[in-house]
Structure formats: structure tokens, C-alpha cells
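See structure below.
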2 protein chains.
Amino acid sequence: MSAPDLSHGDFTLPGEAGYEQLTLRLAQKWGADTIRDSDGTQLSPEIVQSGYAIYSTLCLVRSVQPWARVNRGKLQQNFLMSFPVVADKAATTVTLLAGYYTEQFAVNFGDSPKKWWQVFDRTTGKEVAKTKWSVNPKKGTVTITGTVPGHQYTVNFLAFRLWEEISMYNHLTNNWGDREHLAAVDPMQPETQKVLLAFLEKWLADHPATKVVRFTSMFYNFSWFWGADHAKLRDIYSDWGDYEMTVSPRALTLFEKEYGYRLTSEDFVNGGLYNSTHNAPSRRYRDYMDFIHGFVIEFGRKCIDLVHRHRKLAYVFYDDHWIGVEPSSPRFKEFGFDGLIKCVFNAFEVRLCAHSTGAKTRELRLHPYLFPTGLKGEPTFKAGGNPTLDAKNFWIDARRGLVRAPIDRIGLGGYLSLVEPFPDFQDYIEGLAQEFRLLKSFHAGGRPWVAPFKVAVLTAWGDLRAWTCSGHFTPGVALYDVLESLAGLALDVTFISFDDLVKNGVPRGVKAVINCGRAGSAWSGGHYWDDPRVEAVLTQFAKKGGGVVGIGEPSARPRAGQCFKLAQVFGLDRDTGDRVANGKYKYAVAPSHFITADVTAPLDLGKDVDGIYVHGPATSVLADRAGSPRLATHAFGQGRAVYLSGFKFTFENTRLLHRALHWAASQEAAWGAWQSANVKTEATCFPKVGKLVVINNAGTDETTTVTLGDRMTTRTVTLPAHGIQILDV
Amino acid sequence: MSAPDLSHGDFTLPGEAGYEQLTLRLAQKWGADTIRDSDGTQLSPEIVQSGYAIYSTLCLVRSVQPWARVNRGKLQQNFLMSFPVVADKAATTVTLLAGYYTEQFAVNFGDSPKKWWQVFDRTTGKEVAKTKWSVNPKKGTVTITGTVPGHQYTVNFLAFRLWEEISMYNHLTNNWGDREHLAAVDPMQPETQKVLLAFLEKWLADHPATKVVRFTSMFYNFSWFWGADHAKLRDIYSDWGDYEMTVSPRALTLFEKEYGYRLTSEDFVNGGLYNSTHNAPSRRYRDYMDFIHGFVIEFGRKCIDLVHRHRKLAYVFYDDHWIGVEPSSPRFKEFGFDGLIKCVFNAFEVRLCAHSTGAKTRELRLHPYLFPTGLKGEPTFKAGGNPTLDAKNFWIDARRGLVRAPIDRIGLGGYLSLVEPFPDFQDYIEGLAQEFRLLKSFHAGGRPWVAPFKVAVLTAWGDLRAWTCSGHFTPGVALYDVLESLAGLALDVTFISFDDLVKNGVPRGVKAVINCGRAGSAWSGGHYWDDPRVEAVLTQFAKKGGGVVGIGEPSARPRAGQCFKLAQVFGLDRDTGDRVANGKYKYAVAPSHFITADVTAPLDLGKDVDGIYVHGPATSVLADRAGSPRLATHAFGQGRAVYLSGFKFTFENTRLLHRALHWAASQEAAWGAWQSANVKTEATCFPKVGKLVVINNAGTDETTTVTLGDRMTTRTVTLPAHGIQILDV
């Protein structure tokens, strides 16, 4: 193959009006082919006409503010649960928005509260009859009669959102003072659809230089409810995958027509838990998601068609108003998007972007975002920040995924002017872009080598939430850590749901199934284990030679006497506290095992679970703490199970998981090919182009020995901190 | 008052044939008025005729071995659950006793398996139709047809017990070789009752020197199922309060007649959890307990009447075969016992014994038991043991309770010959007996001073399990630790159940209610919280000025959005893992508080719970760990709540709890009277006799300042290790 041009292309630069010289200089230096605007920045004519392709960001639902201001009844809305009030007398008054941020929310008193709202006695769990409560729009209250002293009451009510959340977040984070608070209109309303399409038509005509319309994103933001006291409780509720903020009386009415049954406010409020992606979703809520997904495709398609009619491309940002877009859905291709752009902190997010089909171009927006501070308020491009080191660290995290899966483009976002005082940052990005182009060229030659068996991750969401849980990495949710490990391993990973499993069994080629998460979560599966076919299919899979790797509370669905549905497969179970009188088998810790061969330090599995007990001598405990096994193996029929009490992404644990999967799959014989000995490094073979990529995932210089595909020959490589080396093989 | 004779009386000495001289010498030295035999020892005529009162132990159900051997079908029995078997084919065979100790159990194939047994598909949770399984008595198996591959099956079956558990334990612990394995007959059978009464009649006639018949105890032992592999899993199930070992077809038939409904095997087996006292009991099981209690009283009364007719006294040992005796029950007095004897390790057990009414004499059997080894196999009266130090440590633990509640007698048990080589032990017991007699004399003058408010401990069992959980102290069950603290405090403690609460409200005079335990346990209450009246009563109690002290997972009954039913009262709740998307209020730790005034070291609350989040600024966090409050207070209405994430009995924590109760009860003004500053010491005032008892609960010399009843005057006292001092006040 001919040497690729590594100096230019596939790079999106954020331009900034007023910094035209810097914009064009860095576009040249970083090999950009495209210049974009960002939230809060604009491109000047000088930039727009410089010959680069232009991406223009467009958030449709925020785009018609004058109309939004005079059509408050057509703003987006959602159900909220009032904070519980304890009754003291036979009449109890609830101030609906007490505790909520009133710049974000206003109660929707206009849409028949008696039809859509619900009042609950949370002590009995029963709904209060609609004849027993009345609203006072002037005071913003509901008064309940016949209340029982000592019982707790809550009101589920509809609230309009006056301030669109991304506008609100950026505004308050960057102290935008009296700049306008943008509101989001709801395209579920036919009149609003007309207004938006007319706006888009005009906008497209007004932006002749724009080559790519980068939608941010479609119509509905992920759920984000703010509290009144930003210092102490800003995020009352925040979930990247929840559809709460799509709700409206019209949506509920259309849903009922299409699905033949009516959803209630409590289907959304769920006692204040809402429908967090982390919790096993109800069937009713899954139906609602399908309904909204259909709507977003239907109206989204109209917008994208308009873009195409103007001979522009339509890209979508895989964040913010992405609800209903669902890039992992098989229907995603119906939108007709030309590109998908994902902002990434971690390797699993690279895989998330690469996993989507239905858009030709997949682009990553790398970090750091060109902002004075990071997402947690830490300094970036300002005094005290070290943006170059940040860029290196973000890059080595993302690169693990980039080596494993093809991505078409990369880019940055934010205020370009901020990088001016950081020449080393400018230099680093130049090299980073070249490294990206080199890896892309290898992928172009063919997919990298993977182990000769498939791994399936089993969750309630299956492929719809492949390579993520709910948004960016959240500490304490072990599956994120597992995904981050898997994202860089030479494994063919597939994501299946319980519905898939019941319908099709374990997919062909899968030799190890991972189930990971706490009891009740979408990740371990919660109520989906109530279907006995799930247990039967996996048990028989193991019995006939399959591998099961359980982490945390896998298959947990506690009933009297048993917590893990697959306890017989794991050869162990968890005591949730009701086994004080049940004796525990006394195991001895096994001295060594294939799985722990590279372990050099005491296991650190993060916040793992305790109370694990083994069934008997067939279960080998490889590590424990205070009498509770943390790592155990169990031969079951012809198959094998591995149990880990938790998981935390570290280089050592990534190796441990990699080995555990090979062992569970009875594939020890396949172990060692294209394997880098030093756990801080990883090796990837691109057999078609004859290249072996060795990456250093650490901020220190590292030496490693790489075993080649014959599992005999080795090569020793020394890598600088954050470094990469390419070997011909 | 005249000085009491402290050298003699109220002491029961275990005599031993062959060691007559030692027996009589120590009886004199220790001031014994009574000599007893023990399990494994006998009294010789020389001892019996020495002029001391004679206690003779008698275990009726073990007393008729020749008859038992030829009436195997009348031995005691119980339901067992076979270990789960995973089906591989459409027919599955279960070996019933696999994993169980076959010297203890034999399957009862004789009593209509199809009537009494049940087979469960534990994967679906459904019972397998009786037409789908068959028994093979010869092989000891059940074969199930129509089994689904991958499903788990268990069989609930009746098993006779061939070896009575206390006999088994002593036999195997002391290597009794081929000495006879004693079996326990079931007095539920009318024929057995006749045999037992005839035996007793003869026995009473044959023991003219016996003054007290010490029953060990009545008929049914606490539940204790042994595993086949004693080294790795001896106790498959062991619960001091469970009625499992009372079951028989006859008992179930009589129950159905009396209660009008039929119990099933699963009411006892409960998925393998059985009916552990630690778990919130079902209403059906509570009915069954009442039924057995009634039977034990009815037949027990016949035995006791016989004893009385022979002009002897009847004492009962409050352990071993105590099931159905229930010394805390209001019906206990119907037995007509003259005495109750409790073996004690801890202060709460002293209170347990003192709490019972209906027997005139309450006696403690102190530790160490005169055995070569302790209960955990540690050396006592043999090389490596230090029985004198053991005795001191047991004594200071028990003494805390003895100071607070009157006990009539003390004694020892076991092999007296073992103490011969330990003259310092002989001396220590002499002094101990005198100390006991002194404390008894103070109680005789009137009850010690307590704070001017009552404390109620709220559990599912209420007063029936007052001052215990289930048997001796079990680490990890926080209520034991709480009881051990309370047992020595100057508080009037009452125990109430949820049924009591619903029926009568919080008892008059109670200003603080404790609810302590893990979710689902009998101690926190589990399903008893489903009755909304419980929440309402306690919430209104707090609102009107009452105090609630919650420990661990108080009032836990998780539903979507709320874990603690009293979350509004505590101002906090527990995230059981489903609140990943729900924000948490950011609290600051309060610098000082009345409750923590004596805390000098970081809190050690044992194995406490995490995931606690506070509702808002009204909750004061006094201590936390990793963002989870461990000690918090909340003003609620006119009342107060205190939350502790766990509890462990230590001197510091005892003080902390003492203060927390005063604060919750809004009784800070009552704090300080008769209070010893040094937490390793405690003070008790006997106002009627004008004595102030100061005890040193530590194995080190301690100095303390005691504040008198005026809460002004102080006295400084220096105490030797394990010491006591009496002041006139």
C-alpha cells in the first residue's frame, strides 16, 4: 500500500470570529479540512470564505425564540414529582415547584390537570381520587382533602421548561449575565413543526457557504431537572438516556392511539426515580421510547430532507438533544443522516460512535473542549490548567478504542482563541491528528485481529445501549469500567438484551456472556430475570460448554433463599442479610490460576459487593476479603463461570478480565497471540496491512514484550509516555 | 438495713462423682447452697447426702432411649429442603439427604409424602404437581418428571432426627466415641406422652434427694441442621428461636383443626431460609408458634404438676429444648415453673432472664462452662487457657446487666474436676459470688435509678424477643450490640412489636423509639411496615415531640423512590443503588453536638450501611464516610430523629447511644445524673438503700468522676481492673 498523507484531512477545527488569523494558521497546522462554529462562537465571512468546508451547528428547537416567547403553551414539558409533604391534618397543601429551579420550570396548569396529573399517598402507595384534590394556579399549589396525618403525599404534575438545559448550563457556567435564556419548543405540536420547517428552509437559504448542517441534536434533550439551590442540589435528576423531557398531553394522546393503552404520569415519575437508564425499564416505558423514536425519525427525516434538498449534508451530534435519535437502533438509518459526531472522554465512547450504522461518517469531538474549565469546573485553558497534558491523557484513553474500531474524522470544539497562549498544545494536536490518520489508514486495510470467539454483554437494553450505560463515565457503575476495559481488547464484543436471549438464545459464536451490575439495575437485568427462560437458556448454555462471567450482583433477582438466578452456575450466591441463620461453606483461597497469572498487587475492584458465599468444594475462590469471595471460578457441566465482586477500570483489571473471558470460554489455548506483556501497554495487529500497533496507555515510559500471532515469537518495544510504535509483521 | 451475709447462699455448684472432696470443699468456699449434676456428670450418694439442696437435670425427650429405639416413627422430625438440582433432561432425580448429616437425619417416607411434601421449580417459583413426582424410599430419592432443562428443583420433605442435637454436639465435641447416640421422642404423640409421664413418675420416685428438677428444657430444641461435611459446613441451618424442629404430620393436623387453615411444607422451608428469628416472621408462622406454645404449656404443665406432686420444685433451663417455652410470653406463668435458669455470656442475657415473669426464681449459669474448651473450641480448662481471666471478663460483661436488674441466683455448670489445678479460679469465684450477693441485696431494697423517660425498642417480635435477637451474641446483627449497650444503662427499656404499635400506639411514657436492623429483618420490621398505620403512628409521635432513633436500615421497606418508610422523619434515606441519576444534597459535617460530646476517636459503628443521602438543610450530619452520613440528626415537627448507619458495642458507642436517646427524647436536661465520666466505667444509684455502685468494665485500672443525682456534686473513684466500688450516697 502507498503511504497515506498524514498531514491533512478528516479534521474539524472550531473557528472563531475575531481570531481569523489564528483560525487559518491552526487549520493549516492541524491539517483541518473543515471549520465549524460552536455554542457561543460564530464564524466571520473571512473564515467562511477561506475555502474550508463549513460545519454550522444548528439547534432547531432553540432556533425560534421570538415565536417561543409568545407561544409558551408550546414549549417542551415533562412530569415532575413534588417533594413529599407529610400530612398533619385532614387537608394538606403542596407547593408544586418547592425545591425546583423556577427559572427552568413553570407549572402547566393549562392542560387539564385532572386529566394528566396524579396525586399519591406514598405511605399507602395508592393514588388519591381526583375528586379529593384541587389546584390553585395563582399560588402554584395543590390542596388535598381527606389526608391522613402522618402519611406522605406527592403530586405528579406537568411543567413547562422555560429555559433549555444546555443554554442554561452554558449560561450559568460562563456567567453570561443577561444574555437571553433560550427556550425549547416542542415539535410534537403540528403548528410548531411548521414554524421549525419554515425556519430551517430560510436558514438553509441564508447559509450558502455551509456544507454540513450539524444538528445539536434533534429535538429532545436528555433529562436534567435542576434544584432551587444550585450550590447544594443542582441536579435533582439527570439521566443521559431518559425520555422524560419528551412528554406532553399530545404525545400521550398519540401514544394511546397507536399502542392502545394509556400511560399515566406515574409511568414517568416512578416514585421520583423517573426512568433512569440505570434501572431495568418497564415494558410500558419501552413502548413509549419506541413511540418517541418513531416520531423523532418521522419529523427528523423531514428536516434532513430539507437539508439535502439544499445540497448540504446533515450530521447529528450524539449528545444533548439526542433523545429519540438512538444511533444504535436499527431504525437510525431511516433518518438519512450523513454523519454522526460523538464527544468522547473514554475508549468506550469511541466504540459507541463506531458501533452506529446508518450514517456514513463517524466523527469524534475530542477533549479537552476549548473552554476555560472542564466539566467539573477544573481549570483547562486558564491559569492552573495544563491543556497539553489533558489532551495527552484524553488521547491515550480514546486511542485504545480508536485502535480497535474505525472512526472517520476527529475534531475539537469551543473557543479557539483560548489555545493561543499554549503553543505546546498547538504542536501536540498536530501530532495527534497525524496519529489518528495513521490508525485510520490501518483500519482502511481491514479489521484488526480479535480472539477466535465472541463475547456477549447481557443487559436489559442490549444493543440499544451498546458501549455505554447512560452518558459519560459514572464512577460506581461497574459496567462502565468493564466497557472501558473491553473497548481496547482484541475481542469481538456483542450486546444482547434479555428479549434477544429469550427469542434467539445465545448468539452463534459467543463463548462468554458477561452480566454485570447491581441488583435491579438495567445492567444486571432486574425484573427481566422473572422470565424463567432467561435462567434456563443461560444455564443450558453453560452446561453445554459456554462461559458466564458475572460481576457484582449478576442475575440478581432476590427471593427467599436465593439472590442470583444463576447461583447454581456461579457456584455461589449473595447473602443480602437474611441468611444469618444459614451456615456458610468454609473455602480455602486457591493459590494460583490462569486468570490471576498477571496479578501483582492486591485486587482493587472498586466499590464491590460483600456477603458472597460459595455452595461447596466445586467453587474455587481466587481472592476474598473478610470471608466474602471477590473472585471465584466454577466448573458447571461442560462450561465455566467466573465471578467478580465488582470491577474497576485499571490496567491490571483489564488484563484480569481479558484472561477471565478466555478462561470462561475455555479458550486458554487462544491466549497470548498479539499480546503485550506489560499491562500498561496494548498491542493490536492489523493482519491485512501487516502492521502491529503498540500503544503506551500510561504517562510514563514503558518497555514491553509483545508476543506475535504464532504465540511464540516475541518483540521487545520501548515506548515514551503516551507513546505509540508501529511494527511491521 | 442490716449487713447481708455475703459468704453464703444463692449459688449452684456442679458436683462430680469421684471428686467428692473437691465438690464439698468448693461448695463451702463458694458458699453454695445447691449442688447439681451436668450433661456428662453424675452425683454420687456421698454428694447427694451431704446436706446441700440437689438440682437434678432432666431432659425428658431424651430420657426414654430403649423405647425410642423401637419407636423410630415417633422420633421428632422436621421439614428439610433438598439442595437444588439443575435439570438437564425431562426427568430429574433428587437425592434428598445429599449434603445433610445422615447420622442426624433419616427421611420420613412413612407419613404420606404426597400429602406433606412439596416439590418446587425454584426457577419459576411454582410447585410441581404431585402427579409429576415419585419417591424411592430405598434409594432415598425423588424423581420428578416433566422437568425443564436449566430449571432448579428442590424437594421439601419430612426427616426424622435420629440423634438429638445437644447429645450430638457434646458427643462430637468431647469425642465420646461409641457412647450411645440419644434420640429425642416427640411428645406431640399421645402414646409418647404416656411413656414420658410414666418415666417421669418413676424418676421422681427414684430421686428422693432431688429438691429441684431442672428441665433441659422442655421438648423441642432450637433448630440445628447439620451438614455432611462437619469441617466445611457443619451448620447448614441454626437458629435459637425457630420452631422448625417441632413439626410433624400430627402437629400440622392439629394446627389445621384449631386455626382453620392448613400450613404447607413451604411455610417452614421458605426457600431454604426456614423461619429464622432474624427475618420478619409471616403471620402463618406466628400462628404456628402460638399453637406449639400452647401445646408445650399444656403437656409441660402435666409434667410440672407431677414434679410438684412429689414435693419437688421445677426449674427450666432457658436454652436447648426451650422452643415453645417462651419465658417472655404472658402465658409462661401457666407452666407453673418455680425457677428459670439462663446461661449468660453478655449483659443483655442477664436482662433477658430478669425480664421473664411467671417463675419465682431467676438463676444465671455463668461462664466459663467447666469444659476443656469454649464454644468456639478455644482452650479454657486446659493447657493454653486462662480460666480466671475468662471468668473476670465474662463477669464484667454480665455484671453490667446484674447491676440494672435483679437476679436471684447464680451458678456454674460442667466438670468440677477441671477447676482443681486452678486455685486462682477457685479464689476468684469465691469473690464473685460475694459481689453477686451484695448487688442482690441492693436490688432487694428497691430498683435502681433510671432516667425520667422510657425507651421503646420496636421490632417485629416485640416483647416476645425482648433483650435478645436469636440466642447468644452474633456479630453483624446490630441490635445485639444495641441491646448490650442498653443492658447496662440507667434507662427504662420496653420492647414493642408493630402489632402493639398499631393496636395501642407508642406506650405512655416512651419518649424515644429505637428501630434498628437491616432491611427485611425482624429487627427493622420488613413487611410489617406495609401497614400504613405503623408509619403514621410513628410520624405523628415524632411530629408531636417524640424521638426516633434509627440504626442501620430503620423502617426499611424499599419501593421505587424510597427505602426508609420514616425517611421524612429522619430527614434522610438510603440509596439502594437505583438512584444513580438522582442528585444528592451536599451537606457539611456539623462541628459539634450534644450527642458526640464524649466522642474522642473516629466512629466505629461496625459493619454499617452506606448510600445514605440527606433530604436538605434540616438534616445535620455529625459524621460521615465517603459522602455517606453515619450519624445525623433531624428536627421533625416538635420531635427529633437520630440516625446511625450501624452500631457496635463499645464503651464509647454506649455513651453515644445514651446521649442520642436523651437528645431524641428532648431530655438533655435530664442528662448527667448518676453518670460516670469515664466511658469504661458505669454508675448505678440504688436510692432506697443509699448506695452508688461504680463498676469498671475494663481490664485496666480506671479513674472516673461520678456526678450525683443533683447533677452538680461529683465524686472521684479509682477502680482496679474488673473492679467495683460502693459509695454511700
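Taken over segment A:323-342, the criterion of being of a type in the set (A, V, I, L, M, F, W, C) and in a loop (DSSP other than H, G, I, E, B) is satisfied by A:Val325, A:Phe337.
Note on segment A:399-427: among residues that are part of a helix (DSSP H, G or I), of a type outside the set (D, E, K, R) and under 25 Å from the mean Cα position of the chain (by Cα), the one that is surrounded by the fewest Cβ atoms within 10 Å (Cβ to Cβ) is A:Val403.
Please indicate, with yes or no, whether at least one residue in segment A:248-261 is in contact with a strand residue (DSSP E or B) (Cβ under 7 Å, 6 or more places away or on another chain) and either modelled with pLDDT under 95 or over 30 Å from A:Ile47 (Cα atoms) (or both). Checking segment A:248-261: at least one residue is in contact with a strand residue (DSSP E or B) (Cβ under 7 Å, 6 or more places away or on another chain) and either modelled with pLDDT under 95 or over 30 Å from A:Ile47 (Cα atoms) (or both). Just to be sure, is A:Ala519 of a type in the set (A, V, I, L, M), surrounded by 19 or more Cβ atoms within 10 Å (Cβ to Cβ), closer than 25 Å to A:Asn275 by Cβ and touching a residue at least 24 places away in the same chain (Cβ under 8 Å)? Spelling it out, A:Ala519 is indeed of a type in the set (A, V, I, L, M), surrounded by 19 or more Cβ atoms within 10 Å (Cβ to Cβ), closer than 25 Å to A:Asn275 by Cβ and touching a residue at least 24 places away in the same chain (Cβ under 8 Å). Taking the conditions (1) in the same structural domain as A:Leu370 (by TED's automatic domain parsing); (2) surrounded by fewer than 19 Cβ atoms within 10 Å (Cβ to Cβ); (3) within 24 Å of A:Gly709 (Cβ to Cβ) in turn, A:Glu430 satisfies each one other than (3).
A:Val213 meets the stated requirement of being buried (at least 16 other Cβ atoms within 10 Å of the Cβ) and farther than 26 Å from B:Ala581 by Cα. Applying the set (1) among the hydrophobic types (A, V, I, L, M, F, W, C); (2) crowded, with 24+ Cβ neighbours inside 10 Å; (3) at the interface with chain A (Cβ under 9 Å from one of its Cβ atoms) to B:Ala512 leaves exactly one unmet item: (3). Among residues of segment A:583-597 being small (Gly, Ala, Ser) and touching a Lys or Arg at 6+ places or on another chain (Cβ under 8 Å), the one that is farthest from the other protein chains (Cβ to nearest Cβ) is A:Ala597.
Kindly evaluate A:Arg533 against the criterion of being assigned to a loop (DSSP other than H, G, I, E, B) and farther than 22 Å from B:Arg579 by Cα. No.
Tell me, yes or no, whether segment A:619-638 has at least one residue that is crowded, with 18+ Cβ neighbours inside 10 Å, part of a loop (DSSP other than H, G, I, E, B) and out of contact with any Asp or Glu (no Cβ under 6 Å at 6 or more places or on another chain). The answer is no; no qualifying residue exists.
Looking across segment A:535-561, just one residue is in contact with a Cys (Cβ under 7 Å, 6 or more places away or on another chain) and under 24 Å from B:Glu266 (Cα atoms), and that is A:Ala556. Cβ-Cβ contacts under 6 Å between residues 6 or more apart (or on different chains), taken from a first residue in segment A:402-427 that is outside the structural domain of A:Glu363 (by TED's automatic domain parsing) to a second residue that is assigned to a loop (DSSP other than H, G, I, E, B) and modelled with pLDDT under 95, are absent. Within segment A:65-99, the set of residues being over 20 Å from A:Phe225 (Cβ atoms), surrounded by fewer than 19 Cβ atoms within 10 Å (Cβ to Cβ) and within 31 Å of the chain's Cα centre (by Cα) comprises A:Gln65 only.
Scanning segment B:551-605 for residues that are hydroxyl-bearing (Ser, Thr, Tyr) and at pLDDT 95 or above gives B:Ser555, B:Tyr585, B:Tyr587, B:Thr596. Please identify the pairs in which a residue from segment B:538-555 that is more than 9 Å from chain A (Cβ to nearest Cβ) and touching a residue at least 24 places away in the same chain (Cβ under 8 Å) has its Cβ atom under 7 Å from the Cβ atom of a residue that is surrounded by fewer than 24 Cβ atoms within 10 Å (Cβ to Cβ) and of a type in the set (Ser, Thr, Tyr), counting only partners at least 6 apart or on another chain. Within 7 Å, the pairs are B:Gly545/B:Ser666; B:Gly547/B:Ser666. Filtering segment A:184-230 to residues that are at pLDDT 95 or above and of a type in the set (Gly, Ala, Ser) leaves A:Ala184, A:Ala198, A:Ala205, A:Ser223, A:Gly227, A:Ala228. When segment A:257-290 is filtered for residues that are away from every other protein chain (no Cβ under 14 Å), in contact (Cβ under 8 Å) with a residue 40 or more places away in the chain and within 19 Å of the chain's Cα centre (by Cα), only A:Met289 remains. For A:Val580, the criteria (1) within 11 Å of chain B (Cβ to nearest Cβ); (2) under 24 Å from A:Ala665 (Cα atoms); (3) free of Cβ contacts under 8 Å to residues at least 60 places away in the same chain hold in every case but one, which is (2).
If you filter segment B:559-577 down to residues that are farther than 19 Å from B:Pro532 by Cα and at the interface with chain A (Cβ under 8 Å from one of its Cβ atoms), you find that the one that is surrounded by the fewest Cβ atoms within 10 Å (Cβ to Cβ) is B:Thr576.
Go through the residues of segment A:407-415 one by one and say whether even a single one is touching a Leu at 6+ places or on another chain (Cβ under 8 Å) and of a type in the set (Val, Ile, Thr). Within segment A:407-415 (the criterion being touching a Leu at 6+ places or on another chain (Cβ under 8 Å) and of a type in the set (Val, Ile, Thr)), the answer is yes, since at least one residue qualifies. Among the residues examined, A:Thr95 qualifies as within 23 Å of A:Val247 (Cα to Cα), of a type in the set (S, T, N, Q) and in contact with a Gly (Cβ under 8 Å, 6 or more places away or on another chain).
When every residue of segment A:666-686 is checked against the conditions, none turns out to be among the charged types (D, E, K, R), over 26 Å from A:Gly699 (Cα atoms), assigned to a loop (DSSP other than H, G, I, E, B) and not assigned by TED's automatic domain parsing to the domain that holds A:Asp575. Meeting the requirement of 2 or more residues that are assigned by TED's automatic domain parsing to the domain that holds B:Ala623 and touching a strand residue (DSSP E or B) at 6+ places or on another chain (Cβ under 6 Å), the strands (runs of 3 or more DSSP E) wholly within segment B:545-588 are B:547-552, B:562-564, B:572-574.
Of all residues in segment B:225-238, those that are more than 7 Å from chain A (Cβ to nearest Cβ) have Cβ atoms under 7 Å from Cβ atoms of residues that are surrounded by 18 or more Cβ atoms within 10 Å (Cβ to Cβ) and of a type in the set (S, T, N, Q), 6 or more apart or on another chain, in B:Trp226/B:Gln104.
Considered as a group, the residues in segment A:169-210 that are under 23 Å from A:Ala314 (Cα atoms) and among the hydroxyl-bearing types (Ser, Thr, Tyr) include one that is surrounded by the fewest Cβ atoms within 10 Å (Cβ to Cβ), and that residue is A:Thr192.
The values are calculated or read from the model by the stated rules, or taken from the named source; none is laboratory data. The model shown is predicted, which means the values in this text are computed figures rather than measured ones. Backbone-built Cβ (ideal geometry, glycine too); neighbour counts: all protein chains shown.
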